[in-house]
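What follows is calculated from the coordinates using simple rules that are stated; it is not laboratory data. Note that this is a predicted model, so its numbers are computed, not measured. Because the Cβ atoms are built from the backbone with ideal geometry, glycine has one as well, and the counts that use them run over all protein chains shown.
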């Protein structure tokens with residue numbers, strides 16, 4: 001019998017039980033499917049629930065165990081995939097009405113890798129249409145409607161990996177995969193109170209994932225803890241011949257003991273004067289910093305290179321996305337998207353010249369060089385994730401989130417990894433988080449620091465009041 | 001060889017014809033036209049976006065203009081490091097990303 005506590009358990013606990021045959025993968029999958037049936041519709045968390053396929057995979061996992069074949073930490077662990085990852089036999093809608101019947105005959109590489117690791121796919125999570133590639137202004141810019149935050153259903157989850165955030169927070173899956181072009185893993189992780197990892201660009205294969213902006217897209221885990229993110233990243237990271245942009249850089253994710261006094265930790269301050277910043281979010285961030293100091297870290301307040309990172313990122317993402325979704329403009333399907341401005345994006349993008357694109361690329365290169373210099377002097381950067389809690393479902397996001405993601409533009413323009421960690425609650429008892437950003441390929445260090453923080457705090461164990 | 005020459009002559013002739021007719025076309029364009037026969041009215045222009053959408057599009061255009069100004073004004077040296085890296089690719093195992 002699977003009790004509700006196991007639906008919120010972390011990977012280590014479930015995996016230990018599965019390996020010792022105290023937890024049946026089939027019973028676990030059934031329990032999750034039951035909870036999905038109960039809560040997913042009201043949260044708009046799933047686009048497709050794959051009950052039959054999940055039970056089939058769970059039976060295979062159980063059969064393997066009976067035969068003495070344990071595949072590793074993810075064997076029998078239930079998960080959910082953002083609905084832009086191709087899954088053979090299941091539709092892949094990209095969250096967009098014109099593509100609601102779209103299906104592929106192959107799995108994305110990350111889906112294959114997780115299946116080979118024994119994980120059980122429960123379904124496809126809802127998302128902002130086209131991962132926000134053609135822009136969006138309201139939370140309802142999604143095929144399944146606005147994703148509701150499990151902490152308060154009148155508030156949004158953040159996007160674009162909206163359903164992945166809701167599913168993990170609500171205990172509808174042990175972990176989910178999200179993607180980030182700019183903010184799409186970190187934002188829902190912050191707003192839903194979960195732990196999310198944006199890997200270095202190229203760390204995880206994107207073969208079989210929707211292309212939003214080729215030089216920005218990353219696939220990463222959203223889970224209950226840094227330790228869970230590590231287990232998932234370990235399974236999905238690494239070079240893939242099907243994705244030429246995936247890196248052959250060695251995947252070194254073993255847990256290491258952190259010596260706080262030896263680390264050079266840069267601190268990006270909370271901009272309390274920014275329009276939309278909430279005092280409660282500021283207080284939660286300061287409390288997280290106090291915890292890090294208490295652990296022995298010395299935090300050095302820094303300023304980041306003053307280059308037009310947000311401008312470069314926004315122009316390049318716009319141009320790449322308009323190109324990526326050219327077919328929707330050509331056949332008129334772009335008019336079936338929920339966002340009323342999406343059909344005009346190609347017209348707006350026409351103001352960008354070829355020279356502008358090359359210039360933006362050259363500035364991006366300078367930005368990378370400056371950040372490389374920055375990380376020669378610092379091991380990690382601590383920064384707020386968002387300056388406020390999740391906005392209401394019907395909020396105009398231009399108004400509700402008027403400030404820029406503090407380090408999101410630089411992080412995504414430079415392809416840097418970041419770990420989102422919950423650090424308390426803000427207005428209306430909605431979650432607040434902060435982030436750790438590191439140089440390329442530093443996921444192992446970020447996860448070590450995240451685990452250290454989560455050994456000292458219990459914010460990641462908090463559950464929304466759903467039951 | 002003969003065929004090339006014929007083609008060349010035809011091209012030349014076409015060019016000559018265009019050259020010959022251009023002044024006539026211009027002259028004709030200068031003459032006021034007679035009132036056109038009554039025809040069906042042109043179809044109405046498609047309705048523009050609703051006011052709220054038009055306003056948002058204005059905001060987006062303005063944001064893009066500002067971003068482009070910063071990009072265009074940013075000082076860059078002549079030449080310098082390449083913006084992106086090109087690399088040759090080997091054969092794939094499977095089809096491209098969807």
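Tabulated data for the structure shown
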| quantity | calculated |
| --- | --- |
| For region A:317-415: rounded, prolate or oblate by the Cα gyration tensor [a/c cutoff 1.5] | oblate |
| Efficiency of FRET from Cβ geometry, residue A:457 and residue A:239, R₀ 35 Å, rounded to 0.05 | 0.50 |
| Test item: A:350-363 mean partner chain Cβ contacts at 10 Å | 4 |
| For A:323, A:388, order by how many other beta-carbon atoms lie within 10 Å, fewest first | A:323, A:388 |
| Spin-label pair residue A:351/residue A:97, simplified geometry with 7 Å Cα→Cβ offset, distance in nm | 2.7 nm |
| Tensor-based shape of region A:190-269 (alpha-carbon gyration tensor, a/c under 1.5 rounded, otherwise prolate or oblate) | prolate |
| Förster-model FRET efficiency, 60 Å R0, residue A:1 and residue B:52, C-beta, rounded to 0.05 | 0.70 |
| Protection-proxy order for peptides A:303-310, A:41-48, each taking the mean of Cβ atoms within 10 Å per residue, highest first | A:41-48, A:303-310 |
| By average C-beta atoms within 10 angstrom, highest first, the peptides A:101-113, A:203-215, A:124-136 | A:124-136, A:203-215, A:101-113 |
| Semi-axes of the equivalent ellipsoid for the protein assembly as shown, Cα gyration tensor, largest first, Å | 46, 28, 25 |
| Per-residue [θ]222 nm for chain A (sum of -39500 (n - 2.57) over DSSP H runs n ≥ 4, rounded to 500) | -11000 deg cm²/dmol |
| Quarter of the Cα convex hull surface for region A:34-161, i.e. its orientation-mean projected area (nm²) | 8.4 nm² |
| Packing-based ranking, highest mean first, of A:407-416, A:357-366 given that Cβ atoms within 10 Å are counted | A:407-416, A:357-366 |
| Cα centroid of region A:130-161 to Cα centroid of region A:388-467, whole Å | 17 Å |
| Sites residue B:63 and residue A:299, calculated FRET efficiency, Cβ-Cβ separation with R0 30 Å, nearest 0.05 | 0.35 |
